[in-house]
Amino acid sequence: MSTHRTTTHGTTTHGATAPAATAHQRTATHGSAALRTARLCRRLAAAAAATAVLLAATAGCTSDGPATGPAGGPKKSAYQEGTLRVLASSELADMEPVLAQAKKATGVSVKFTWSGTLDAVEQVASGKADGAYDAIWLSSNDYLRLRPEAAGKLSSETPVMSSPVAIGFRPATLARLGWKPEEVTWSAVHQAVSQGRLSYGMTDPVRSNSGFAALVSVASGLSGAQAALTDADVKQAGPRLKEFFTGQTLTSGSSGWLATAYSRRHDVDALVNYESVLLSMTRDARSELTVVRPQDGVVTAHYPLTLLTSAPAGARESGRLLTEYLRGAEAQKQITERTFRRPVAPGVAPAAGLGADKRRELPFPGTRSVADGLLASYENELRRPSRTVYVLDTSGSMADEDRIGRLKSALTELTGTGASGTGRRFRDREEVTLLPFGDKVKKVLTHVVEPGNPGPALDAIRGDVESLSPQGGTAVYASLKAAYQHLGQDKGDAFTSIVLMTDGKSGDSAQEFNSFYATLPDAQKRTPVFAVLFGDSDRKELTAITELTGGRLFDATGGTGTLGGAFEEIRGYQ
Amino acid sequence: MGFREHAAPVRRIFGIALAVLLIGGVIAVILIGNKEPGGTATKTVRGVIGSEKAEFFDDPDVVKALAAKGYTVRTETSGSWAMDQLPLKEYDFAFPSSSEPAVEIEAKAGLKGAQTVKPFYSPLVVVARANAAKVLADNGLARLTGKNTGTLLMGPYLKASGEDRTWQQLQGSAAYAELTGTVFIKTTDPTSSNSGALFLAATSNVHNNSTVVSDEAGIERTAPLLRKLISVQGSLPPSTDDPFRAFISGAGDPLILVYESQVASMLLQKQDPGDMAVLYPDTTVNTEHTFVPLSETARELGALLTGDPKLRELAIRHGFRPRDGLAEFTKATEPHSAFLNQKLTGIRQVNTPNVKILMTLAQRAKG
């Protein structure tokens, strides 16, 4: 699954890099320029899928310039008749065949913009979603409901299908642990992790819906809470949660990349994600997983298709038609068979492979303080800390178009403003290294964000960013090598990653770096490079680097502001 | 008589709630009547209804039956407790899920002696899986009259809630992995949704020595228990559709508060209920769907919904109990008597506190 693709039911864009207010309300059939752009996007997306490198959407793929009809007709602003603009959880990409049928039956098509929970909630609560989208379709509205500002903005929340959080184990792992799938509990997982016998991958709760649901499941399971989590439960479960998260050896900003990264890694024993995602991975032969729903309870996503009250009447009517269709027996059958989500219509049997035995539903927190407190604890206390190296091109060409200014402001955003929400700044305990380069590495600037007192390190990083100046050539590969050498042997308790930002073609050769990388021990090879396309950087070159290291390519060539978007999105992978 | 003044802050809360539940969109009803050759022209009336009646008004047979009587009905849905915040001049009628909000709507619309009618009603029920119902019954919290139906004994149930009883503490639960954690009934958000609010109306009555809570003392007496009933649930859904669908999908909580009409509609449409058990709380508040004509155009519509045999039959198809229609309802649901307590035998019906008190209770319960 790719984060960006053009599909039969419309153009998909990425929330993090596509400003909500961007008017790109057009399908590929309108205007030849748009058609070309769409084709290009399709090709890029296809290439991305083929190479398992996931492209972040570019503004070039999402805003097709001024929207005009085929014959230069009137401007099609905002809602376009029959095409519902939907802000959605990215795992819904697998609904494509169902939505294609829905279009045939109802004439309503869907244009998705992918978004993580918190980002979507922010857009709805702040009003940015008004006028930009007609509906939201997240795995759950539970978190959104905790925001009073969102209350007036939603109507007709209609659950369409369901999927619980589950754990996918390598069959060999279950055998090694001597576990029967139906008897696995969160407590047992915690115990195995704390004995060093189990590791797993999970998405970032701040950016991904499945990660958030998993966090709530685990916290409920390990706190022993008999009812909805309270602040006291979270606090009390802290030590056990911290132990639990020592087993998390893989993190990701999206379910799609998590699956890809898991397939590359043989040192990760299990994945925590929605049952539907895990079963689909097995079907698609990417990984063989035994999928279990922990016996002590799960959090289930119900995917409520929810209309925004700000949507035009025509859009709301389209939304009603679409939901009515999706809740029908035919669509429900297709949904469960194609996506392994569970049907919500009576009389429709769940797809083969979906266990019928019941699980306790762990309540989602009923207050924002508990939900946000849990996320903040995860970020700053519970999860393993991050060691992050930013390999930054500060060659002479960075003076063009104020690229250096845009780099500075993008990095400064990551140092937070005091009001930055959870996950928007460098985390407590994070070791941040700036490695600016030109013809060679210019400096290696390292700071560690002190828990409870992040100010000094963040100030120091800000100062270092301010001192960056454009000069010299573009020694990408030598600088990357220096980054790996700086990280050295992973201390074992941190997520290590390298962010590479360059605005041009490298001046040195890949070959030496490739041989260097080949000699690294496995543990060091696992440090992924997240490369950012910017200015005139060479897509092919950067793609090769991300493929070699198991990273991912992010595109910030779309215009001002998107470099910040890419850096922000990469936080989910660090 | 400062009721409305005192109620102002509460009304603002309603305002928020309104927006949550409002479907602003007109649910266009197909103009079948107009298309029939030789058919008489219909007059279009616009109404705001509780969402549980949306399927009824969407039903092509209902559209046809109304058209035959000269009506094209266009509806929007809203939380019943928020309808009086709508620009009522834009509607020809309002059709909330219970009679209390109807009074508010009349007052707001400046109507005196509006000809409100109550075409049908539906009691609140708790759906459970058969094993959960049996565990409740074996522990004295419910009484089963068959495998799939029975009565929820509110006194013992509330006592257990007050003591934070868990499923693990109930005998016979160990066989079922899903029966763990605090015993609670999943409700909707009582500050915005009718069923959640009426659940508090019923439970507060039981806990207030079988008396309607009507004063500060009653609020203080009942609020701590109501808070337990609501706050343990965590996130609260906006409508009964959400937990009911979760139940159908095999996930979800063991005990869910819904309208009897949701269950009956499913049964009457011959959809498989699985191993569902329907528990009728022994103390309940009926939801009397109350038709409030706001303009002259809709004045006769309420009477039509109440009296027209075809429309009564169609209301039953959607699980509602027509006014004075016990015999019709009983006959139609005869094949499903294993699930339904058709005659509501042994069920005590109580009145609701006034709106202000009920919403105070809802706020206190949410905490």
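Assorted remarks:
- Subset of region B:43-70 (residues that are surrounded by 21 or more Cβ atoms within 10 Å (Cβ to Cβ) and in a strand (DSSP E or B)): B:Val45, B:Gly47, B:Val48, B:Ile49
- Of the residues in region A:201-214, at least one is crowded, with 23+ Cβ neighbours inside 10 Å, outside the structural domain of A:Asp522 (by TED's automatic domain parsing), of a type in the set (Lys, Arg) and closer than 24 Å to A:Gly366 by Cβ.
- Residue match in region A:364-371 (condition: in a loop (DSSP other than H, G, I, E, B), facing chain B (nearest Cβ under 9 Å) and either touching a strand residue (DSSP E or B) at 6+ places or on another chain (Cβ under 8 Å) or farther than 22 Å from A:Gly221 by Cβ (or both)): no
- Test: residue in region A:344-358 that is within 27 Å of the chain's Cα centre (by Cα), more than 27 Å from B:Phe184 (Cα to Cα), modelled with pLDDT under 95 and more than 8 Å from chain B (Cβ to nearest Cβ): yes
- Subset of region A:538-555 [in contact (Cβ under 8 Å) with a residue 60 or more places away in the chain and either over 18 Å from the mean Cα position of the chain (by Cα) or not in a loop (DSSP other than H, G, I, E, B) (or both)]: A:Glu541, A:Thr543, A:Ile545, A:Thr546, A:Glu547, A:Arg552, A:Leu553, A:Phe554, A:Asp555
- For region B:264-306, a tally of residues being in a loop (DSSP other than H, G, I, E, B), touching a residue at least 40 places away in the same chain (Cβ under 8 Å) and either away from chain A (no Cβ under 14 Å) or within 27 Å of B:Ala67 (Cβ to Cβ) (or both) returns 6.
- Selection of region A:177-201 for residues being in a loop (DSSP other than H, G, I, E, B) and within 14 Å of another protein chain (Cβ to nearest Cβ) yields A:Lys180, A:Val184, A:Thr185.
- Those strands (runs of 3 or more DSSP E) lying entirely in region A:268-321 with at least 2 residues within 12 Å of chain B (Cβ to nearest Cβ), within 16 Å of A:Val160 (Cα to Cα) and touching a strand residue (DSSP E or B) at 6+ places or on another chain (Cβ under 8 Å): A:304-308
- Members of region A:305-353 that are of a type outside the set (A, V, I, L, M, F, W, C) and on the phi > 0 side of the Ramachandran plot: A:Gly347, A:Gly353
- Screening the candidates A:Tyr477, A:Tyr484 for the property of being without any contact (Cβ under 8 Å) to a residue 40 or more places away in the chain and in a helix (DSSP H, G or I) yields one hit, A:Tyr477.
- Test: residue in region A:109-125 that is in the same structural domain as A:Val86 (by TED's automatic domain parsing), of a type in the set (Gly, Ala, Ser) and more than 19 Å from the chain's Cα centre (by Cα): yes
- Subset of region A:147-176 that is at the interface with chain B (Cβ under 7 Å from one of its Cβ atoms) and under 23 Å from A:Arg360 (Cβ atoms) - its residue that is farthest from the chain's Cα centre (by Cα): A:Pro159
- Test: residue in region A:508-520 that is out of contact with any Lys or Arg (no Cβ under 9 Å at 6 or more places or on another chain) and closer than 17 Å to A:Leu392 by Cβ: yes
One line per residue, one yes/no per condition, for (1) surrounded by 16 or more Cβ atoms within 10 Å (Cβ to Cβ); (2) farther than 24 Å from A:Glu183 by Cβ; (3) within 14 Å of chain A (Cβ to nearest Cβ):
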{"position": "B:Gly140", "(1), (2), (3)": "no, yes, no"}
{"position": "B:Leu153", "(1), (2), (3)": "yes, yes, no"}
{"position": "B:Ala160", "(1), (2), (3)": "yes, yes, yes"}
{"position": "B:Gln169", "(1), (2), (3)": "no, no, yes"}
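The values are calculated or read from the model by the stated rules, or taken from the named source; none is laboratory data. Quick caveat, the model's predicted, so the values are computed rather than measured. Cβ atoms come from the backbone with ideal geometry, glycine included; neighbour counts cover every protein chain shown.
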